[in-house]
Each structure stands twice: as C-alpha cells, then as structure tokens.
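Participant: This is the structure I have questions about; it appears just below.
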Amino acid sequence: MDAFYASVEQRDDPHLRGKPVIVAWQGNRSVVCAASYEARSFGVRSAMPAIRAERLCPAAIFVVPDFPRYRAVSRSVREIFKRHTDLIEPLSLDEAYLDVTENKTGLPTATLVARTIREQIRQELDLTASAGVAPNKFLAKLASDWRKPDGLFVIRPEDIDAFLLPLPVGRLPGVGKVTEEKLAKLRVKTVEDLRKVDLPALDHHFGRYGLRLHELARGIDDSEVVPDRPTQSISAEDTFEHDVPLAETEPMIRCLAEKLWSASRKESRIARTVVLKMKTSEFKILTRSHTPDSPPCSCEELTDIALRLRERVDLDPRQRYRLVGVGLSNFREAEETAAQSALFK
C-alpha cells in the first residue's frame, strides 16, 4: 500500500488531499508513523523524529494515528487478496507476499493477477497499491518499490540479470551501513561487483550471511510464502515524556506488562522467555531476558520477572532512560510446553 496510514487519512478527510500529511503524535518524543507523498517531497520519512519532520516541513498537517481504523482497512485489503490466493504472508498492516503460481480466479499470468488486485483496491477502497511481480520473494520485494506510488513492475526470469546487476549493494536485504562499508573495502559497490567475489571470501568476511549474499547476487531466494506464520515474539514499549532514572521505571514496566499479558492471551502458543528492553538517553539499547522453568502463568508473575530483570541493568545509578519495553518470546505449542514443564517437577 502507498503511504498507507497517510493515504487512509487523506481518503477519509477531503481537506487533507494534496497536502503534506504526517501521521504522528506531535512532541519531542514522537516519531513519524507515515508521511504522505506531499510530505515526503520535503524529506520526511517514517520513523523520523516528529520534531525533525516539523522542521523539514513546517506546513505539514499532523494527524494523530488511528490504528483500529488502519487495521480495519488492512483487513479489507486482505479480503481482496483472498479472492485470488490463500497463500498470503503478511509483513505488516500495509504489505504482504502473495504466491499466485496457482490462483483462484484462473488468471493466466501473475502480472494480470497483480493488475486486477490493484484495480479492485482502487475501486472498492479508494486507495492505491504498488505491486512487484517476480519469480521469488526477494525480487518481488525490490520490484514493489520500483515504481511507487501506484506502480506495477515485473521482473521476468530472463530479465533478472539486467535488473539486478547494476543495483547498489545497499538495495539488498540485510545490507545496512556497516555491511555496505565492509563490502566497499572489498571494492564491492554494485551487485555485479558482489557476484565476482567467490563464496569462500564472502564466508570469511561475513560468516553465515556470506552464503546469503552469494545467493542474492544471483537472484536466488528459495524461501516460500508462508501464510499464518507462527508468532515469534510480542512486546509492548513506551517512551517517557522526560528521561528518568532506573528507580522510576517501575510504574511503566507494570503498565506495559499488563498490556503484554492481555495481548498474549490471544495467542494459541505459549511464550517461555521474558525480555526487558531499556533505551538510555544516549539511545543505547539494553536487553535482559530470562527463561523460567515454567512459562509465566499470570500477569503478576510476568511483572515480577520483568522487574527482576531490571535489577540486572548495572549501569551508573545516575544514568537516565528514555524508553522501556517488555516482551515475550520463544513461543512453543502448549503441549510441548507442558511436557517440558513436567521435567522440572
């Protein structure tokens, strides 16, 4: 979906159409959830501090996020997908992979399926979506960004090299600034350069990720579209209005643990590990985790574990913190968890 949250706001309020819209709470601690393309032309981007976005685009209209409404629209988009295939792997409210090797409507090509879905979204929801069509997920993801907004881009098997080789390596998934700098030291700037580096050299410099780089440089991605992927982790976090010392974080931890416990009740699987996340005033992230013999069985137990994890944060008592989060991970099937718990009795 194109600038999804902002586009929903512009659709539902005609006064916002054609104007720079930023979906965010205003304030020193807020970040941009989404920006309309009018705002993006000023350099505003998602996850940018809202105060910086306001400086870049003083005329921007800030809209408070309405996630229940966005989730409802996302469900409507998903229903359109389901007319064509059941193999849908959501990445977020506004993005998903679809495997249309076989599709319900009998359309002869993936390109025609994508075109049909985009038109149905436009007609029924008055929103635009961009699509990438390719032989695998990696290439489809690249293609989906190629002609945004409101675009369709197709990478046919015979066109993979012509599309891929000239790209800067920074376009490859997993290649951030650090990896890009390491590759630059190897005189690798484009995917074509990367393809010339043999696998042993990549393995030496990048470990297990070296194989992934080797495959991506050749357009290889064998990962399947997995619908209803099991939950790996859930969390709740919040930013303080003012930086606070560790001793003053308890009320927030208790509040977040309560939210997290409520969310965890919707999961069919059971989490084994509790995680505490702290972000210092210098933006350094600390995590502490604990896997008890038996999974937390109440909100009180979850809260107690989170607070005990706080005691393992051993920085200077004068240190201030801007954010705290509580998470659950290491999810297991209920039967498996019960069997493991029995071992400790």
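Every read-out reported here was derived from the displayed coordinates using simple, explicitly stated rules and does not represent laboratory data. What you are looking at is a predicted structure, and each value in this text was computed from that prediction instead of being measured. Counting neighbours? That spans all protein chains shown, and the Cβs are built from the backbone with ideal geometry, glycine included.
Participant: Report relative contact order for the chain in percent, whole number only (criteria: Cα-Cα under 8 Å, sequence separation at least 6).
Facilitator: On the way: 560 pairs, mean separation 40.5, N = 345.
Once divided by the residue count of the chain, the mean separation gives 12 percent.
Participant: Please report, in debye to the nearest 20, how large the charge dipole of the chain is about its Cα centre when each Lys and Arg carries +1 at its beta carbon and each Asp and Glu carries -1 there. Intermediate results must be reported in sequence, preceding the final value.
Facilitator: Working: 53 positive and 52 negative charges, 138 e Å.
Using Cβ point charges on Lys, Arg, Asp and Glu, the chain gives about 660 debye.
Participant: A further question follows. Kindly list the residues of the range 150-172 that lie in the label zone of Thr109, defined by a backbone N under 11 Å from the point 7 Å along the Cα-to-C-beta vector.
Facilitator: Within reach of a label on Thr109: 154-156.
Participant: Which whole-number percent is the relative contact order of the range 1-66 (Cα, under 8 Å, 6+ apart)?
Facilitator: Rounded, it is 34 percent for the range 1-66.
Participant: Could you sort 270-282, 291-303 so that the peptide with the highest average Cβ count within 10 Å comes first and the rest follow in order?
Facilitator: Output ranking for 270-282, 291-303: 270-282, 291-303.
Participant: Compare the peptides 12-19, 37-44, 248-255 by average per-residue count of other Cβ atoms within 10 angstrom and give them in order, highest first.
Facilitator: 37-44, 248-255, 12-19
Participant: Placing unit charges on C-beta atoms (Lys and Arg positive, Asp and Glu negative, everything else neutral), compute the dipole magnitude of the range 1-80 about its Cα centre in debye, rounded to 20. Could the numbers behind the result be given before it?
Facilitator: Numbers: 12 positive and 8 negative charges, 42 e Å.
In total the dipole reaches around 200 debye.
Participant: For the chain, what does the helix formula give at 222 nm: sum of -39500 (n - 2.57) over DSSP H segments with n ≥ 4, over the residue count, nearest 500 deg cm²/dmol?
Facilitator: After summing the helix terms and dividing by residue count, I get -11000 deg cm²/dmol.
Participant: Mind giving me the nanometre distance, one decimal, between the label points for Phe283 and His204, set 7 Å out from Cα along Cα→Cβ?
Facilitator: It is 3.5 nm.
Participant: May I ask you to derive the FRET efficiency for Arg254 and Val31 from their Cβ-Cβ distance with R0 = 25 Å, giving the value to the nearest 0.05? Spell out each step's value before the answer.
Facilitator: On the way: r = 24 Å, r/R0 = 0.97.
Efficiency computed from Cβ-Cβ geometry: 0.55.
Participant: Give, in nm to one decimal, the length gained when the segment between Leu91 and Ala162 is fully stretched (0.36 nm per residue of separation minus the Cα-Cα distance).
Facilitator: Details: separation 71, 0.36 × 71 = 25.56 nm, distance 2.76 nm.
Extra length from Leu91 to Ala162 when fully extended: 22.8 nm.
Participant: Any idea what the relative contact order of the range 51-102 is, in percent, if you count C-alpha pairs under 8 Å spaced at least 6 apart?
Facilitator: Relative contact order for the range 51-102 comes out at 23 percent.
Participant: How much FRET efficiency would the formula 1/(1 + (r/R0)^6) give for Glu267 and Asp222, where r is the Cβ-Cβ distance and R0 is 35 Å, rounded to 0.05?
Facilitator: The calculated FRET efficiency here is 0.75.
Participant: Taking Cα centroids, how far is the range 173-236 from the range 100-118 in Å?
Facilitator: 30
Participant: Which order do peptides 185-191, 97-103 fall in by mean Cβ count within 10 Å, highest first? Working shown, then result.
Facilitator: Numbers: 185-191: 15.4, 97-103: 17.1.
Per-residue mean Cβ counts within 10 Å order the peptides as 97-103, 185-191.
Participant: Which of the residue pairs Lys137/Lys185; Lys148/Lys284; Lys148/Lys177; Lys259/Lys279; Lys182/Lys277 have a Cα-Cα distance greater than 31 Å in the structure shown?
Facilitator: Checking Cα-Cα distances, Lys148/Lys284 exceed 31 Å.
Participant: For the residue pair Lys189 and Arg55, what label-to-label distance in nm results when each label sits 7 Å from Cα along the Cα-to-beta-carbon direction?
Facilitator: Taking the two extended label points, one gets 3.1 nm.
Participant: Over what distance in Å are the Cα centres of the range 239-290 and the range 1-76 separated?
Facilitator: Rounded to whole Å, the Cα centres lie 27 Å apart.
Participant: Rg to Rh ratio, the chain, alpha-carbon atoms and Kirkwood radius?
Facilitator: Expressed as Rg/Rh, it is 0.99.
Participant: Here is a further query. For the range 233-334, give the magnitude of the charge dipole about the Cα centre (Cβ charges: +1 Lys/Arg, -1 Asp/Glu; no others), in debye to the nearest 20. List each step's numbers first, then the result.
Facilitator: Working: 17 positive and 17 negative charges, 63 e Å.
Here the range 233-334 has a charge dipole of around 300 debye.
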